[in-house]
């Protein structure tokens, strides 16, 4: 079964476990930069119910530093290779760099997850060549400046239009429509109000016809709603995951897999026992 088929057939959103092999990610930076520690974390997430592991080698938190192609490649590619060798699991590569995309796919990556929606030079051409599913995310600006002063006419409409346009560009370049996922980009160039408007109207994005990947785990919007620091945003994040599922998301990207699994399991049992 392909990843896309699993997404289509699953009655409950798939859980994407976050594996940041970076020294400076906002929540878990520096914890999994060694391959042995990364594999231990992967095993933990799989035991807790993760369906996909998302490997990222460049922090995209607000104000994050730019990482060179070679440094990101050295962080990401060996870890993906090790995961695919040790575990039977879908692996996503969280990158905007064409070289990292290609080399990650060469060692087994199943999905290209790009916060810049394949807009970097040669990224789209590389994705076409890789022939793997792609996730296109909306971001206003770049991580270095995206939270300086984000502004929208109507945030839900603006995000929807951008994702529709990027998806069409990908289709015209040669990516199969069935291979495209979209992500509204919670926290990427958006105020707290923008984020919660998007969350409230996330179901409107389903009208585009692409599976939605949603990632709000431990983000600032959760902190602003709960008043909790990053380490104590598990319950708020689980609540956000539940809302995303109710609004039609097909993949939920999270740090806390077990909590998300339990929340989605209760919701699922409610859905199948309506009558």
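Close Cβ contacts (under 6 Å, 6 or more residues apart or on different chains) running from residues in segment 51-73 that are more than 28 Å from residue 4 (Cα to Cα) to residues that are at pLDDT 90 or above comprise 69/97; 69/99. If you check residue 79 against the conditions, is it over 17 Å from the mean Cα position of the chain (by Cα), closer than 21 Å to residue 213 by Cβ and crowded, with 24+ Cβ neighbours inside 10 Å? Yes, satisfied. Does at least one position in segment 229-236 carry a residue that is buried (at least 22 other Cβ atoms within 10 Å of the Cβ) and at pLDDT 95 or above? So far as segment 229-236 goes, yes, one or more of its residues are buried (at least 22 other Cβ atoms within 10 Å of the Cβ) and at pLDDT 95 or above.
Of all residues in segment 43-68, those satisfying the criterion of being under 16 Å from the mean Cα position of the chain (by Cα) and at pLDDT 90 or above are 45, 50, 51, 52, 53, 54, 55, 56, 57. Scanning segment 74-125 for residues that are farther than 20 Å from residue 45 by Cβ and touching a residue at least 40 places away in the same chain (Cβ under 8 Å) turns up 100, 115, 117, 118, 119, 124, 125. Among the residues making up segment 157-176, those that are surrounded by fewer than 18 Cβ atoms within 10 Å (Cβ to Cβ), part of a helix (DSSP H, G or I) and in contact (Cβ under 8 Å) with a residue 24 or more places away in the chain are 164, 169, 173.
If the condition is being assigned to a loop (DSSP other than H, G, I, E, B) and either touching a residue at least 12 places away in the same chain (Cβ under 8 Å) or closer than 23 Å to residue 90 by Cβ (or both), then segment 147-156 contributes 147, 150, 152. Looking at residue 248, is it surrounded by fewer than 19 Cβ atoms within 10 Å (Cβ to Cβ), touching a helix residue (DSSP H, G or I) at 6+ places or on another chain (Cβ under 7 Å) and modelled with pLDDT of 95 or more? In short, yes.
Could you check segment 102-122 and list, in sequence order, the residues that are crowded, with 22+ Cβ neighbours inside 10 Å and under 15 Å from residue 175 (Cα atoms)? The answer is 111, 112, 113, 114, 117, 118.
Note on segment 31-42: among residues that are at pLDDT 90 or above and either in contact with a helix residue (DSSP H, G or I) (Cβ under 6 Å, 6 or more places away or on another chain) or closer than 15 Å to residue 107 by Cβ (or both), the one that is surrounded by the fewest Cβ atoms within 10 Å (Cβ to Cβ) is 39. Taken over segment 177-203, the criterion of being buried (at least 16 other Cβ atoms within 10 Å of the Cβ) and more than 18 Å from the chain's Cα centre (by Cα) is satisfied by 191, 194, 197, 201. In a residue-by-residue description of segment 146-153, the property of being over 16 Å from the mean Cα position of the chain (by Cα), within 22 Å of residue 69 (Cα to Cα) and modelled with pLDDT of 95 or more applies to no position. Here segment 1-25 is the region considered, the condition is being assigned to a loop (DSSP other than H, G, I, E, B), out of contact with any helix residue (DSSP H, G or I) (no Cβ under 6 Å at 6 or more places or on another chain) and buried (at least 18 other Cβ atoms within 10 Å of the Cβ), and the residue that is modelled with the highest pLDDT is 22.
The values are calculated or read from the model by the stated rules, or taken from the named source; none is laboratory data. Predicted model only: the values in this text are computed from it and were never measured. A quick note on method: Cβ atoms are made from the backbone with ideal geometry, for glycine too, and the neighbour counts reach across all protein chains shown.
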